[in-house]
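Participant: Would you mind keeping the following structure in view while I ask a few things?
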Amino acid sequence: MLKRIFIMAFAICGLFMWGARAELKVDIVAGTTDPISVAVQKIEVASGASASDAAIIRTVVEDNLKRTGLFHIVNHKAFPEFVKLDAMPDFKLWSAIKAQVLVQGKLTKTADKKYQLDFFVWDIAGKEQIEAQSLVASKKSVRRLGHIMTDAIYERLTGEVGYFDTQIVFIAETGPVDKRVKRMAIMDQDGHGLRYLSDEKTFVMSPHFSPNMQSVVFLSYYNDDPMVWILNLDTGEQRRLGQFGGMNFAPRFSPDGSRVALSLVKNGITHIYEYSIETNAIRQLTTGDSINTSPSYSPDGRKIAFNSDRSGSQQIHILDLDTGNIERITYGAGRYATPAWSPDGQFIAFTKMADDTFYVGIMDPNGKNEKILAGGWFMEAPSWAPGSRRLVYYETERTTDNMERVSHIRSVDITGQNIYDIDLPDGVNGVEPTWSPRLP
């Protein structure tokens, strides 16, 4: 059985923003932009706030920005001055070291023993303050304060949706290849705060977040019975989605969280069904003798992308839920699987198998403009970050003796640039990752 897990939501209260007074326009043309030079000052501390906690916030912000590939972090030793939060920077000094953006922060312990983080963002060339926010949170949420601060800076400088105050749920594998233990785990998007959501006794697969971040839907082999379950992240309560008369798997929430699309095997045939969480009713969406699986809703909830062999080989199709019409969209060489619609609706990510190689790529929802982002011996399960700028997926590498296989969770930009591993504890392999929406 799953352990009873409580996920504490660190409420950010008292959030407000002073009006931005300038337009710093940063063009991030796909794959061609020069990194923006950002100087992040040491976070001031006041009223008994911890200097080590302030240092953690600064490190989180710098690491987040650096990983995007869009920003260059100015070396601290090059800083020409330290500017207190209530003072104006000397823009000539900062311009001389080629800093384009200056970030200031101040951490204060409030009367009720919480943390207040105030921060300013300055456009050096424009000589203007372009962002200012104040965040109040529990002292336990120091890293999350850094993530929210990064979101604000990123959004102001790029105009895109930030994705740093998010989490990733995945399957953590440990042990030798022939005796792998699979546990459902959750962590922050940068790999910190990993915790397990299931024990070592139950085989679990395919975890996916609900849109409101209150629950995770997943496949469990509890009592050797492969069924789809929902885990409430707030209470730790879990429940099975019902008795459907066959093996069911590959669950995905609808954008409004009211439905779950899943694959169900009946009489040896796999079809896609849709389950209503409110009414417990289930309806069949595909028909015929082909294998239909890996459903993914469009952002408006009106279409489902899925893979099927109905055309003779494994390809991606689009089901219109209003009309029931199904259209094949992939015609390239190879087999296509695991479609994932981007949050903004502009792309569908996919896995492709061709020439003994696995690929992760993106394409338009009509199947055109296919772009390969990564390739390797085995990779699968692309999942989108909020804002549709990055994806997470997993890649398994085969060792020379073929006795051990190491699986990494990796992130890639939609340009195919800036691929990096998300660090996991020693001995832990990560597979089937899913990126969460922004935390509430």
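Every number here is computed from the coordinates shown, using simple stated rules; none is lab data. What you see is a predicted model, and the numbers here were worked out from it, not measured in a lab. Neighbour counts are summed over all protein chains in view; Cβ atoms, including those assigned to glycine, are modelled from backbone coordinates with ideal geometry.
Participant: Please arrange Val74, Val260, Val360, Val181 by counting, for each residue, the other beta carbons lying within 10 Å of its beta carbon, fewest first.
Facilitator: Val181, Val74, Val260, Val360
Participant: Would you mind computing, in nm to one decimal, how far apart the modelled labels at Ser138 and Arg302 are, each placed 7 Å from Cα along Cα→Cβ?
Facilitator: Label-label distance for Ser138 and Arg302, simple model: 4.1 nm.
Participant: Starting with the fewest neighbours, write out Asp86, Asp344, Asp190 ranked by other beta-carbon atoms found within 10 Å of each beta-carbon.
Facilitator: Asp86, Asp344, Asp190
Participant: Here's something else I'd like to know. Within the range 412-437, which residues have the backbone N less than 20 Å from the label spot 7 Å out from Lys179 along Cα→beta-carbon, could you tell me?
Facilitator: 426-430
Participant: Can you figure out the FRET efficiency of Leu85 with His192, using R₀ = 30 Å and their beta-carbon distance, to the nearest 0.05?
Facilitator: 0.65
Participant: Right, next: Could you run the Debye sum over the Cα atoms of the range 13-158, one equal point scatterer each and no solvent, and tell me log10 of I(q)/I(0) at q = 0.11 Å⁻¹, two decimals?
Facilitator: Treating every Cα as an identical point scatterer, log10 I(q)/I(0) equals -0.39.
Participant: On a 0 to 90 degree scale, rounded to 10, what angle separates helix 51-67 from the longest Cα axis of the chain?
Facilitator: Compared with the principal axis, the helix lies near 60 degrees.
Participant: Name the lysines eligible as straight-distance cross-link partners of Lys352: C-alpha to C-alpha under 29 Å, and not fewer than 8 places from it in the same chain.
Facilitator: Once the sequence-local lysines are set aside, what remains near Lys352 is Lys179, Lys182, Lys266, Lys303, Lys368, Lys371.
Participant: A follow-up question, please. Please check which bits of the range 144-181 a label hung off Arg405 would reach, taking the label as a point 7 Å along Cα-to-C-beta and the cut-off as backbone N under 19 Å.
Facilitator: 170-181
Participant: Structure shown: which of Lys84/Lys139; Lys84/Lys113; Lys92/Lys113 lie over 27 Å apart, alpha-carbon to alpha-carbon?
Facilitator: Lys92/Lys113
Participant: If each residue's Cβ is checked for other Cβ atoms within 10 Å, how do Met247, Met363 rank with the fewest at the top?
Facilitator: Met247, Met363
Participant: Round to a whole angstrom and tell me the spacing of the C-alpha centers of the range 217-270 and the range 295-352.
Facilitator: The range 217-270 and the range 295-352 have Cα centres separated by 20 Å.
Participant: Find how much the distance from Tyr420 to Glu397 grows on full extension, using 0.36 nm per residue of separation minus their present alpha carbon separation; answer in nm with one decimal.
Facilitator: Separation in residues times 0.36 nm, less the Cα-Cα distance, equals 6.8 nm.
Participant: On to the next question. Tilt of helix 142-158 relative to the longest C-alpha principal axis of the chain, in degrees (0 to 90, nearest 10)?
Facilitator: With both axes taken from Cα atoms, the answer is about 90 degrees.
Participant: Looking at the chain only, what percent of DSSP beta bridges run antiparallel? Nearest 5 please.
Facilitator: The antiparallel proportion sits near 90 percent.
Participant: A further question on this structure: Simple spin-label model, 7 Å along Cα-to-Cβ: Lys201 to Lys42 in nm?
Facilitator: Computed distance between label sites Lys201 and Lys42 equals 5.3 nm.
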